[in-house]
Amino acid sequence: MLQKNPVLGTGEVEETRQGEAYLPFANDPNRYSKKFYIESYGCQMNFSDSEIVASILNEEGFGATGNFMDADLVLLNTCSIREKAEQTVRNRLQVFRKIKDNKPGMLVGVLGCMAERLKAKFLEEEKLVDMVVGPDAYRSLPGLIMEAETGQKSVNVLLSRDETYADISPVRLDSNGVSAFVTIMRGCNNMCTFCVVPFTRGRERSRDKDSIIKECTDLFDRGFREVTLLGQNVDSYYFTEDNGENIDFAQLLASVAEISPLLRVRFSTSHPKDITDDVLHTMARYHNICKYIHLPVQSGNTRILNLMNRTYTREWYLNKVKRIREIMPDCGLSTDVISGFCTETEEDHMDTLSVMEQSRFDMAYMFSYSERPGTLAARRYTDDIPEEVKKRRLIEIINLQNSLSRVSYKNDIDKSFEVLIEGNSKKKETDWVGRNSQNKVVVFPKNGLDLKKGDYVQVKITSATSATLLGQIN
Ligand code: SAH
Ligand code: SF4
Ligand code: F3S
């Protein structure tokens, strides 16, 4: 889940992916009698959920505001993936505590994974919080707000086996009008031992295919040119239609790609154990399915992978990478890596470095292990790697990835790519910024040509940093 997208914003290397980024937004506040303000933390799934929450609140007469001082209702959509992500939210709550002292009528609600993990305990720990709402309970927000308005604390953290919010049309927040996220499934059944997501998001369930196609078609009709299909493990998408037909991820991808050759399709995240040749061949068959896969490796050592319950070995992972490159030689590849998982030795760590070198990742999100209460690892293993060792290994991982990225981006010099224009470059109004199919950011001068956001243009690369390609229209 993984590009530096306009919603997640940018951050330090360790934080770009999940946990720390937030961006408030504004959305036509004058049409509504009350105002809400929402900040989102964590993965794209959370940002996508905030768009569902916005839709539910709009129906209730709440309009969005980008200024929390104007808000009747302040919501934080939270993340629990690492301790630091939770700490960021707690710090933020301190800010709202001060504001609430002068604005006693303002309600503060905590949504998302931290709400689910801490449940009613949140109300004891953070006295200013009025509402605690888990990721499957957003439909109950109107009732919970009414309850909170009467001065009661309200909580709904029930997880569901079938909630997919399929019928709710998300309100696109802080959108560039070109790319959008579309959630295709919720929850996760994988139980990686380090991970809190199965506990905060519940069982895996896939969303009705027709509702996905409808949402993507609507987006295309409104001028969007790129959809990213979201799920914790998209390759296990599986939906049975009313006529008994079973749809897997490869079939879903093909159906979305067929909406229009001008609609780019991306997806995230793929689990190495589940991505099939069928998906790879489908990607290769459609020009508009982007040639980019985010394939988290986590560790390059089979013993550690086993302790993590990732259910693949180092060799299996490397074979998967080989297969991807056989079927799509030009495919972009990124990953997630964790340093210092329980019992990790220096040799195990070297295996992680060598798997990165052999896979030649274009980009990576890199973390040091953070024990999460309640996870299988917290219950079964000792978090025995000292913090400074975790950090030192993380720095080695980051340094290696920086050099791999530099090589990958330098190799693109003199190549020509089809780029989807996303908008003005932040640095220079006279430059466009967009992405190629491989998800690399490309910046190039407008050259006075009559182009606009959402157009495709062929760009020849002339120079590169380790995170951006620079070029000229050709
Ligand atoms: N379902 C997705 C994303 C899950 S969370 C997937 O499987 O890829 C995103 C990343 O956060 C994970 O891939 C992992 O690298 C990292 N992560 C998860 N739990 C963590 C923990 N306890 N400590 C450090 N990093 C963690
Ligand atoms: Fe967490 Fe593993 Fe599920 Fe990803 S696949 S969300 S890492 S349990
Ligand atoms: Fe964080 Fe929850 Fe996403 S824990 S990474 S917001 S699924």
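The values are calculated or read from the model by the stated rules, or taken from the named source; none is laboratory data. All values derive from a computational prediction rather than experimental measurement. With ideal geometry, Cβ positions are generated from the backbone for all residues, glycine too; neighbour counts draw on all protein chains shown. Only protein heavy atoms, including side chains, enter the accessible area calculation; ligands, DNA and RNA are left aside. Shrake-Rupley method; radii C 1.70, N 1.55, O 1.52, S 1.80 Å.
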Keeping to region 380-400, report how many residues are assigned to a helix (DSSP H, G or I) and over 29 Å from Asp362 (Cα atoms). 1
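Being within 20 Å of Leu263 (Cα to Cα), of a type in the set (Phe, Trp, Tyr) and in contact with a strand residue (DSSP E or B) (Cβ under 9 Å, 6 or more places away or on another chain) narrows it down to one residue among Phe181, Phe194; which is it?
Phe181
Restricting attention to region 408-417, which residues are assigned to a strand (DSSP E or B) and either surrounded by fewer than 16 Cβ atoms within 10 Å (Cβ to Cβ) or in contact (Cβ under 8 Å) with a residue 60 or more places away in the chain (or both)?
Ser416
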For region 336-351, enumerate the residues that are assigned to a strand (DSSP E or B) and away from ligand 1 (no atom under 16 Å from the Cβ). none
Among the residues in region 48-60, are any among the hydroxyl-bearing types (Ser, Thr, Tyr) and in a loop (DSSP other than H, G, I, E, B)? no
Residue that is more than 16 Å from ligand 3 (Cβ to nearest atom) and of a type in the set (Ser, Thr, Tyr), where the choices are Ser268, Ser211: Ser211
Looking at region 77-94, which of the residues that are under 15 Å from Glu125 (Cα atoms) and within 14 Å of ligand 1 (Cβ to nearest atom) is surrounded by the most Cβ atoms within 10 Å (Cβ to Cβ)? Glu86
Picking from Leu353, Leu318, which residue would you name as being modelled with pLDDT of 95 or more, under 23 Å from Ser466 (Cα atoms) and among the aliphatic types (A, V, I, L, M)? Leu353
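One line per residue, one yes/no per condition, for (1) among the aromatic types (Phe, Trp, Tyr); (2) free of Cβ contacts under 8 Å to residues at least 12 places away in the same chain; (3) not assigned by TED's automatic domain parsing to the domain that holds Asp130:
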| residue | (1), (2), (3) |
| --- | --- |
| Tyr37 | yes, no, no |
| Ile56 | no, no, no |
| Gly61 | no, no, no |
| Val89 | no, no, no |
| Arg92 | no, no, no |
| Arg97 | no, no, no |
| Asn102 | no, yes, no |
| Leu107 | no, no, no |
| Val110 | no, no, no |
Any idea how many residues of region 176-205 are more than 16 Å from ligand 2 (Cβ to nearest atom) and either more than 15 Å from the chain's Cα centre (by Cα) or surrounded by fewer than 18 Cβ atoms within 10 Å (Cβ to Cβ) (or both)? 3
Any idea which of Leu333, Leu404, Leu420, Leu318 is more than 16 Å from ligand 1 (Cβ to nearest atom), crowded, with 21+ Cβ neighbours inside 10 Å and aliphatic (A, V, I, L, M)? Leu420
Quick check on region 38-51: of everything there that is among the hydrophobic types (A, V, I, L, M, F, W, C) and open to solvent by less than 10 Å² (accessible area, probe 1.4 Å), which residue is farthest from Ala180 (Cα to Cα)? Ile38
With respect to Asp274, determine if the residue is under 20 Å from the mean Cα position of the chain (by Cα) and open to solvent by 10 Å² or more (accessible area, probe 1.4 Å). yes
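The rows are residues; the columns are (1) surrounded by 22 or more Cβ atoms within 10 Å (Cβ to Cβ); (2) polar (S, T, N, Q).
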residue: Ser55; (1), (2): no, yes
residue: Phe62; (1), (2): yes, no
residue: Gly66; (1), (2): no, no
residue: Ala71; (1), (2): yes, no
residue: Leu111; (1), (2): yes, no
residue: Glu125; (1), (2): no, no
residue: Leu141; (1), (2): yes, no
residue: Asp162; (1), (2): no, no
So Asp450 clears everything in (1) more than 24 Å from the chain's Cα centre (by Cα); (2) open to solvent by less than 10 Å² (accessible area, probe 1.4 Å) except one condition, right? Which one? (2)
Picked from region 34-82 (must be hydroxyl-bearing (Ser, Thr, Tyr) and in contact with a Gly (Cβ under 9 Å, 6 or more places away or on another chain)), the residue farthest from Phe341 (Cα to Cα) is Tyr37
Write out, first by first residue and then by second, each pair whose Cβ atoms fall under 6 Å of each other, whose residues are 6+ apart or on separate chains, and whose first residue, in region 199-215, is outside the structural domain of Cys79 (by TED's automatic domain parsing) while the second is open to solvent by 50 Å² or more (accessible area, probe 1.4 Å) and assigned to a helix (DSSP H, G or I). Thr200/Arg117
Being open to solvent by 30 Å² or more (accessible area, probe 1.4 Å) and not assigned by TED's automatic domain parsing to the domain that holds Arg325 is the requirement here; does Glu429 meet it? yes
Scan of region 71-98 for residues that are within 11 Å of ligand 3 (Cβ to nearest atom), closer than 30 Å to Tyr32 by Cβ and not β-branched (Val, Ile, Thr), ordered by number: Asn77, Cys79
If you take the residues in region 352-379 that are in a helix (DSSP H, G or I) and either surrounded by 20 or more Cβ atoms within 10 Å (Cβ to Cβ) or within 16 Å of ligand 2 (Cβ to nearest atom) (or both), which one is farthest from the chain's Cα centre (by Cα)? Arg379
